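The values are calculated or read from the model by the stated rules, or taken from the named source; none is laboratory data. Keep in mind it's a predicted model, so treat the numbers as computed, not measured. A quick note on method: Cβ atoms are made from the backbone with ideal geometry, for glycine too, and the neighbour counts reach across all protein chains shown. For the accessible areas, the whole protein counts, side chains as well, though only heavy atoms, and no ligand, DNA or RNA atoms are used. Shrake-Rupley method; radii C 1.70, N 1.55, O 1.52, S 1.80 Å.
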Amino acid sequence: MNHATQQWNPWLIRAPAPHARMRLFCFPYAGGSAFNFSAWRGRLDPGVEICAVQLPGRGARIGEAPIATMPALLRAMAPAITQLNSLPFAFFGHSVGALIAFELARYLRLHGVQGPEHLFMSGCQAPQFRSPSAGLHRLPDAAFIEELRDYNGTPEEVLDNRELMALMLPTIRADFALAEEYSYRSGPLLQVPVSVYAGTQEDIRAPGQVDGWQKETTGPCAVTWFDGGHFFINSQRDAVIGQLNADLAPAPDAAKEGTS
């Protein structure tokens with residue numbers, strides 16, 4: 001596939017880095033978009049090309065119907081990821097984005113396709129230890145908006161804008177449905193390192209909800225805690241990016257080879 005076609009991939013917002021050694025595919029939280037990762041450019045290691053995933057129903061894809069089931073989303077998304085197979089890559093996802101990234105990694109392996117070399121699971125309960133669904137995506141509009149207000153992830157001025165919320169609610173509901181209707185199925189373990197990022201004030205303290213990610217891979221699993229609640233990814237952005245840079249740094253031997 002030629003470079004021009006890659007540039008117009010509707011699933012990905014990326015700024016090609018000619019000297020990149022790897023790519024980081026970033027999956028946003030519920031109601032989020034590829035725009036959430038725009039501030040990362042220029043702060044992340046220049047050897048890492050950011051590929052922000054743009055799901056249907058937001059940004060330039062606002063006219064497309066959102067996808068509310070994991071199997072349908074994986075089938076639609078996988079070709080867009082696999083067409084960029086010229087470099088090693090990693091997945092970073094926050095909240096439902098982490099769940100999508102995890103299941104996409106499993107999907108690629110199931111189909112014999114090259115998968116990520118590293119998974120970053122941020123603000124997301126381990127799949128075998130998820131809390132029971134609260135069914136928030138089925139609430140009437142007013143009640144659903146109040147729940148979103150409690151999450152502190154959507155600006156008040158957006159929540160109070162009726163016309164804007166009427167436009168956004170179907171997409172946000174679909175994102176919540178992805179998480180709330182998710183059903184874990186056992187399968188072959190992944191064979192990659194998993195880095196778990198969690199907020200100290202998140203509701204993610206039940207047994208297994210953090211360290212339970214180790215059950216999904218034969219590779220190492222490391223947990224890093226950040227100050228803040230569920231949206232520490234925004235409030236602690238510099239710390240998150242700093243940890244990412246450390247976790248994505250090439251091994252000492254690889255770095256020496258690159259300079260020889």
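Key figures
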| read-out | value |
| --- | --- |
| Residue 203 paired with residue 38, simple spin-label distance in nm, labels 7 Å along Cα-to-beta-carbon | 3.1 nm |
| Kirkwood Rh in Å, taken over the stretch 1-96 so that all alpha-carbon pairs contribute | 13.9 Å |
| Principal axis box of the chain, alpha-carbon based, largest edge first, Å | 61, 45, 36 |
| Centre separation in Å (Cα based) which lies between the stretch 32-84 and the stretch 142-183 | 19 Å |
| Sum of side-chain charges, residue 31 neighbourhood, beta-carbon under 9 Å (Lys, Arg +1; Asp, Glu -1) | 0 |
| Modelled FRET efficiency - R0 30 Å, residue 152 with residue 249, Cβ distances, 0.05 increments | 0.40 |
| Per-residue [θ]222 nm for the chain (sum of -39500 (n - 2.57) over DSSP H runs n ≥ 4, rounded to 500) | -10500 deg cm²/dmol |
| Amide H partners (placed H, <5 Å) of residue 223, local residues excluded | 196 |
| Helix 162-180 vs. the chain, principal-axis angle (Cα, 0 to 90°, nearest 10) | 60 degrees |
| Fraction of accessible area attributable to carbon and sulfur, the chain (%, probe 1.4 Å) | 54 percent |
| Heavy-atom accessible area ranking, 1.4 Å probe, most first, across 147, 103, 163 | 163, 147, 103 |
| On Cα atoms only, tilt of 237-248 relative to the major axis of the chain in degrees | 40 degrees |
| Under the Karplus curve 6.51 cos²θ - 1.76 cosθ + 1.60, θ = phi - 60°, whole-Hz ³J(HN,Hα) for the stretch 188-200, x wherever Gly or Pro sits | x, 5, 5, 10, 10, x, 10, 10, 9, 10, 9, x, 5 |
| From phi via Karplus (6.51, -1.76, 1.60), per-residue ³J(HN,Hα) for the stretch 77-82 in Hz, x at Gly/Pro | 7, 3, x, 5, 7, 6 |
| Residues residue 72 and residue 218, FRET efficiency given R0 of 25 Å [Cβ-Cβ distance, rounded to 0.05] | 0.30 |
| Residue-span extension gain [residue 182 to residue 83] - 0.36 nm each, minus C-alpha spacing | 33.0 nm |
| Estimated FRET transfer efficiency when R0 is 22 angstrom, pair residue 161-residue 65 (beta carbons, to 0.05) | 0.50 |
| Charge tally in the Cβ shell below 14 Å around residue 247, where Lys, Arg are +1 and Asp, Glu are -1, residue 247 excluded | -2 |
| Neighbour net charge for residue 89 - beta-carbon separation under 15 angstrom, K R +1, D E -1 | 0 |
| Relative contact order (percent, whole number), the stretch 55-141, Cα cutoff 8 Å, 6+ residue spacing | 24 percent |
